[in-house]
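**Q** Have a look at the structure that comes next, please.
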Amino acid sequence: MKAYLLDPAVARYVLEHTTPPDPLLSRLARETAEVTGGDARMQIAPDQGQFLTMLTKLMRPQVAVEVGTFTGYSSLCIARGLSGGTLHCFDVSEEWTSVARRYWQEAGVADRVTLTLGPALRTLAAFDETIDLAFLDADKANYRGYYELLMERLRPGGLLLADNTLRHGWVADPMHDGDTVEDIRRFNDLVAADPRVTVVMLPVADGLTMIMKN
Ligand SMILES: C[S@@+](CC[C@H](N)C(=O)[O-])C[C@H]1O[C@@H](n2cnc3c(N)ncnc32)[C@H](O)[C@@H]1O
């Protein structure tokens, strides 16, 4: 369970009262655990997946972007919510995203997803479309760089979602000063002080920040 911030009984209760993943997403989660071992913890939580699909349906984006695709769970959730638009995925790993490609085919959404491989600071800089919805879930050290690139391209009223922004709650604990915790603190401070946006931090899973461009 990724609800690090909740009492385990409450976290279980939340999952029991959230629409569960369908068999395809459950199979992807199982295969990811088998193939990637401990790295499978990088996958978003099932309730986050439902949230992404619902939000995508509500927003009806024409251009959606995901930075950090891994084996495809979050991309599948976003792509399934699209009605007519395209999801542009960015990742560095050919190996992990080959699993995602297979599941996009199987889910019947491959025609609405593009994948660009390479360091996303470079590949996003070359992306020149106006973005309606973005999901950020890649290497934490570069969150601030991705944020600037995404903000330049996000339309007013567009939404950027950033994952792992509470880092198990460690961001609020001065005793924790690990690398990624400090990266996320800097990212959170940057966003909170940015006059271009309205921000809501949701204590979902490992923390999910909703950032709307004003
Ligand atoms: C937390 S995982 C993404 C999980 C995914 N959203 C899911 O739900 O399964 C982070 C991903 O970021 C990718 N990544 C790491 N460094 C990157 C970089 N410099 N540019 C692009 N992607 C990167 C990794 O290959 C990995 O797939």
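**Q** Distance from the Cα centre of the stretch 1-32 to that of the stretch 44-101, in angstrom?
**A** Using only Cα atoms to place each centre, the spacing works out to 17 Å.
**Q** Using only alpha carbon positions, build the gyration tensor of the chain, then give the equivalent ellipsoid semi-axes as the square roots of 5 times its eigenvalues, largest first, whole angstrom.
**A** After diagonalising the Cα gyration tensor, the semi-axes are 23, 22, 17 Å.
**Q** Same structure, new question: Could you check what % of the DSSP bridge pairs in the chain are antiparallel, to the nearest 5?
**A** 35
**Q** If you count, for each residue, the other Cβ atoms within 10 Å and average over each peptide, how do 168-180, 126-138 line up from highest to lowest?
**A** The most tightly packed comes first, giving 126-138, 168-180.
**Q** In addition: Straight-line reach only, C-alpha to C-alpha below 12 angstrom: list the aspartates and glutamates that Lys140 could link to, leaving out same-chain residues fewer than 8 apart.
**A** Within the straight-line cut-off, Lys140 pairs with Asp163, Asp179, Glu182, Asp183.
**Q** Can you list the aspartates and glutamates whose alpha carbon sits under 12 Å from that of Lys57, skipping same-chain ones fewer than 8 residues off?
**A** Within reach: none.
**Q** Next up: Might you tell me the accessible area per residue for the stretch 8-213, computed with a 1.4 Å probe and given in Å²?
**A** Using a 1.4 Å probe on heavy atoms only, each residue of the stretch 8-213 averages 46 Å².
**Q** Quick one: pull the percent of accessible area on the chain belonging to carbon and sulfur, 1.4 Å probe, ligands and nucleic acids left out.
**A** Here carbon and sulfur together make up 56 percent of the probe-accessible area.
**Q** What's the extension gain from Leu15 to Asp179 if we count 0.36 nm per residue and subtract their Cα-Cα distance?
**A** Roughly 56.0 nm would be gained on extension.
The values are calculated or read from the model by the stated rules, or taken from the named source; none is laboratory data. Computed from a prediction, not measured in an experiment: that's the story for all the values here. Methodologically, a virtual Cβ is constructed for each residue, glycine included, from the backbone with ideal geometry; neighbour enumeration extends over all protein chains shown. With ligands, DNA and RNA removed, areas are computed over all heavy atoms of the protein, side chains included. Shrake-Rupley method; radii C 1.70, N 1.55, O 1.52, S 1.80 Å.
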